[in-house]
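A.B. asks: Could you have a look at this structure, given as structure tokens, before my questions?
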Amino acid sequence: MGGKYRITGDAYPRMRRPRHRRRLVLAGIGAVVALSLAGWGTLQLIDVFTGGDKSASAADHKRDCPTPKPSAAPAKALPKPAAIKVNVYNATTRSGLAKSAAEELKKRGFTIGEVGNATKAYDKKVPGTGLLLGAPTATNGSFTVLGTQLAGTVQKTDTRKTGEVDLILGAKFKAFSTPQQATAAMTALTKPAPAPSPSC
């Protein structure tokens, strides 16, 4: 070009980048961000209406938590009625009560020892259904088995060394538990306790 617009020397004027290209780049970035937000929002809505992935989580939890195997604590060992010698004493004003009670216990398999009236220390001094008296070793054995035959009995230990047990009939004694009730009570005592389920 001639005149005053002629270019001279080695320096050339810097050419500006067209503005429309920058707008296109910014528009493209904005479109990508908008699509990303829209996709994320769509996933959130799907989780809200479908409950998320709870079923899958529950399935994974169930798979990770092992199924407990049926195991139980060992059954409590209790003596058989035939191995328990019972002395039956009457501490009430009703005559013949000790004899009839002893006969009933004999029918139920217990070994019967002495039968008669209670001693002065207990005569007319047992307000409940009965008192079980024996050595400390009888607490978790003979007392437990004999107690299934008569609800409401009180247990007391003394210094005897023998394994026999005294049943002293009290003022509220009317009758022994039925055989069905006694069997159910015995089953509850000897039934193994279920093992606790694992917490996962």
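The values are calculated or read from the model by the stated rules, or taken from the named source; none is laboratory data. From a predicted model like this one, the values you see are computed outputs, not experimental measurements. Heads up, the Cβs are rebuilt from the backbone with ideal geometry, glycines too, and the neighbour counts pull from every protein chain shown. SASA here: full protein model, heavy atoms, side chains in, ligands and nucleic acids out. Shrake-Rupley method; radii C 1.70, N 1.55, O 1.52, S 1.80 Å.
A.B. asks: For the stretch 109-163, enumerate the residues that are open to solvent by 20 Å² or more (accessible area, probe 1.4 Å) and assigned to a strand (DSSP E or B).
C.D. replies: Answer for the stretch 109-163, where residues must be open to solvent by 20 Å² or more (accessible area, probe 1.4 Å) and assigned to a strand (DSSP E or B): 111, 112, 113, 114, 115, 116, 117, 154, 155, 156, 157.
A.B. asks: Just give me the residues in the stretch 161-178 being more than 16 Å from residue 89 (Cα to Cα) and touching a helix residue (DSSP H, G or I) at 6+ places or on another chain (Cβ under 9 Å), in sequence order.
C.D. replies: 163, 177
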